[in-house]
Amino acid sequence: MHLGKERHFYVCLCFVGRCWTSALNMLARLLHFSLPWEEHPCLLAKMMDMSEFGEAAPFLRKSEKEIMVLQTVAFDGKKKCWVPDEKKAYVEAEIKESGAGKVTVETVDGKTITVKEDDVQQMNPPKFDMIEDMAMLTHLNEASVLQNLYRRYINWMIYTYSGLFCVTINPYKWLPVYKTEVVSAYKGKRRSEAPPHIFSIADNAYHDMLRNRENQSMLIT
């Protein structure tokens, strides 16, 4: 995903011992039933009052108003897709016709192109826009992951979960997400109860150490 010359990004993957939402998601798929947050992935985001995060709130999570707007956006999952692009890696497109292993699409900028069927990647519904945990995406493909990280990045939401991992993109500017009130807001909360943040990873590791009497480790790369 092209972020502009001035916006290079650095990815930091932080691993911590367990993630109960990922475990429940896996169990649900095995038993063939849906969890509430799979049908409505922003459900968890609505559970928390963001006022305790102070001025950091808009840099950590979308407002309820923004979430509701996304629920009303029209979307045709059979036509909307991602196709490769030399400059942007992938661009949004709409399928016009397909056959013989080829797909003709119209890109978001009005170009009509024909690509291999294997190069077309499915797009997630708008309700997944800027999802906090990419493990919840219906279509977990490269294009969708890059788009989600990019959308969050341009809105200065630099932390995103992907299952057990926390992906961090360097904003190359100071953001008010490391203040004392932010540290306090994450204390004692399970990872699923608050927006993605390195503070959540650290606090959960600390409490796991106290509760289980076992050493905790993080892999940062």
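Just so it is clear, none of the values below were taken in a lab; they were calculated from the coordinates. Predicted model only: the values in this text are computed from it and were never measured. Cβ atoms come from the backbone with ideal geometry, glycine included; neighbour counts cover every protein chain shown.
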Inset, instruction - Enumerate the lysines that LYS78 could reach by cross-link, defined here as Cα to Cα under 21 Å, with residues fewer than 8 away along the same chain left out. - result: LYS96, LYS102, LYS111, LYS116, LYS127
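Could you sort 126-133, 50-57 so that the peptide with the highest average Cβ count within 10 Å comes first and the rest follow in order? Numbers along the way, then the final one.
Values: 126-133: 19.5, 50-57: 16.2.
The most tightly packed comes first, giving 126-133, 50-57.
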Inset, instruction - Mind jotting down the distance between the C-alpha centroids of the range 173-202 and the range 67-99, whole Å? - result: 33 Å
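If you take the C-alpha gyration tensor of the range 80-122, multiply each eigenvalue by 5 and take the square root, what semi-axes do you get, largest first, in whole Å?
Working: eigenvalues 46, 24, 14 Å².
Taking √(5λ) for each eigenvalue gives 15, 11, 8 Å, largest first.
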Inset, instruction - Could you please report the charge total around SER51, scoring K, R as +1 and D, E as -1 over all other residues with beta-carbon less than 12 angstrom from its beta-carbon? - result: -3
